[in-house]
Amino acid sequence: MQAGFRSGIVFSLLFSIVGLGTHAASGNIPLSLSSTNSFSDGLRISVLTCGTGSELYTLFGHSAIRVVDSSRGLDLVFNYGTFDFSDPHFYWKFLRGKLLYFLSVEDFPSFYQEYAWDQRSVREQVLDLPPSVKQRIEEALFINAQPENRFYRYDFIFDNCTTRVRDLLKRAIDDHFQWHLRAHESISFRQALHPYLKRVPWVELGINLLLGSRADRLISGEEIMFLPDSLEWAISQASFSGHPLVQQQVVIYQPPRQANDDALVKPWMVMMLIGLWLVFYTWRANLFKPSVVIWMDQVCFFLIGCVGIFLAFMWWGTNHSMTKDNAQLIWASPLYVPFALWLNRHKRWVKIFAGIMALLTAAYLGAGWLFAQKPILALIPFLIGIFIRLMAIYREQAPYRIIHP
């Protein structure tokens with residue numbers, strides 16, 4: 001899907017679901033509704049499915065609609081995954097889920113060149129439809145592309161460049177249209193994303209942190225079509241008036257096979273090392289100066305608190321539906337920030353907070369498996385280490401023995 005999950009652990013995660021961006025925004029072709037009024041025998045409607053790429057914003061592929069009319073010399077691609085970088089407060093609107101995406105139109109040669117340059121496959125499904133239905137689809141696209149109609153509020157699961165193609169086909173094709181969906185396996189939105197994220201484990205970790213429990217609801221047959229590959233499969237199985245919907249399926253461009261560029265350092269390795277380090281300096285705290293132990297704790301808890309603040313913001317401060325109800329806030333409390341800043345002040349509430357968070361972290365590790373949003377496996381060694389550090393603070397182990405009741 002050519003729109004938005006990109007940023008470090010902020011924008012590279014969110015931008016993975018972003019559209020064509022400045023190229024598409026600057027290459028929009030003005031359309032006249034009058035050009036659709038006349039019937040044409042040379043009209044052809046097809047769905048384009050573009051493969052994944054190496055950049056973060058290309059992780060899930062892309063869908064678009066191609067309209068070819070040989071009698072009028074038209075060969076256009078209608079792309080719902082477009083946004084405008086020149087929009088005022090672009091990053092703030094994007095982060096909050098308030099950035100408007102829009103339907104852009106470009107000529108097919110330009111579209112093809114872009115994907116060939118990026119070494120991303122382009123596959124076409126030519127639809128076998130009567131002329132009246134093809135004209136209805138073309139008219140709907142031209143109407144949607146008008147300045148007053150083309151903008152919409154993007155949602156990376158429920159309203160993206162792929163679901164817009166799916167919904168337009170459903171509306172334009174009448175009751176003789178049938179998806180023929182398979183009995184869908186019991187997977188969630190989070191699990192549906194997993195195959196696309198295996199080769200970028202750090203991005204997968206970040207996305208799993210960002211997604212709340214709503215992403216763990218089981219998907220229906222139509223909902224899985226938020227992914228371009230799933231929509232392509234569904235269209236290949238669909239029928240119209242008893243015959244296959246797809247007349248011809250063509251691979252327009254297939255890049256040479258590239259070697260997998262897997263990350264050498266994976267999240268579980270780093271989390272294991274951090275967890276072991278937390279256990280080690282709890283066990284051998286006497287090897288370090290008290291100020292060094294306190295400083296290491298402050299850095300660790302402050303960073304966890306910052307993660308918690310961001311997750312809380314994504315829940316309550318944005319329109320992103322899938323970042324709400326996030327169970328990660330059980331262990332990643334924003335209150336870790338003041339906790340870290342006051343850790344060396346030897347206040348009684350520091351001990352109480354450490355005990356409460358130790359209980360919550362233990363509950364998350366032990367009982368989290370009973371809920372839809374399960375603990376992230378890669379984080380378990382790290383969270384065990386955090387639990388041990390919290391217990392050391394609560395029990396007033398060195399260098400916290402001078403905490404007064």
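Bridgeable lysines around K170 (alpha carbons under 28 Å apart, same-chain partners fewer than 8 residues away excluded): K98, K134. When R120, R345 are sorted by how many other C-beta atoms sit within 10 angstrom of their C-beta, beginning with the fewest, the order is R345, R120. Fewest-first ordering of E114, E55 by other beta carbons within 10 Å of each residue's beta carbon gives E55, E114. Near R66: Cβ cut-off under 13 Å, other residues only, Lys/Arg at +1 and Asp/Glu at -1. The net charge is -3.
So for the chain, considering every pair of alpha-carbon atoms, how many percent are separated by more than 34 Å? Please list the in-between numbers first.
Numbers: 33107 of 81810 pairs.
Percentage above 34 Å: 40.
As an exercise, identify the chymotrypsin sites (Phe, Trp or Tyr not before Pro) in segment 75-127 lying in DSSP coil whose Cβ has no more than 15 other Cβ atoms within 10 Å. Each step should come with its number before you reach the end.
Working: sites: F78, Y80, F83, F85, F90, Y91, W92, F94, Y101, F102, F111, Y112, Y115, W117; in loops: F83, F85.
Those that pass, being in a loop and sparsely packed, are F85.
Each of P244, F280, G206 was scored by the projection of its Cα onto the charge dipole of segment 170-288, and the greatest displacement toward the positive side belongs to F280; charges sit on the C-beta of Lys, Arg, Asp and Glu. Using θ = phi - 60° in the Karplus curve 6.51 cos²θ - 1.76 cosθ + 1.60, the 3J(HN,Hα) couplings for segment 356-366 round to 5, 5, 5, 5, 5, 5, 5, 5, 5, 5, x Hz; x is entered for Gly and Pro.
Counting pairs of alpha carbon atoms under 8 Å apart in space and at least six apart in sequence, what relative contact order in percent does segment 240-372 give? Please report the intermediate quantities before stating the final value.
On the way: 68 pairs, mean separation 26.0, N = 133.
Result for segment 240-372 is 20 percent.
Sorting the segments 375-386, 299-310, 145-156, 281-292 by their residues' average number of neighbouring beta-carbon atoms within 10 angstrom, most packed first, yields 375-386, 299-310, 145-156, 281-292. From least to most packed, judged by other beta carbons within 10 angstrom and beginning with the fewest, S110, S188 follow the order S110, S188.
Only helical runs count toward this figure. For the chain, summing -39,500 (n - 2.57) over DSSP H runs of n ≥ 4 and dividing by all residues gives -12500 deg cm²/dmol at 222 nm. Diffusion coefficient (Stokes-Einstein, Kirkwood radius over C-alpha pairs, 25 °C, 0.890 mPa s) for segment 267-394: 161 µm²/s, rounded to a whole number.
With R₀ fixed at 22 Å, the C-beta to C-beta distance from V299 to Q397 puts the FRET efficiency at about 0.75. Note that segment 343-405, at 4 °C in a medium of 1.567 mPa s, gets a Stokes-Einstein diffusion coefficient of 104 µm²/s from its Kirkwood radius over C-alpha pairs. Over every Cα atom in segment 124-280, the radius of gyration and the widest Cα-Cα span, Dmax, amount to 20.5, 73 Å.
Read-outs: derived from the displayed coordinates by stated rules, not from any lab. Computed from a prediction, not measured in an experiment: that's the story for all the values here. Neighbour counts are summed over all protein chains in view; Cβ atoms, including those assigned to glycine, are modelled from backbone coordinates with ideal geometry.
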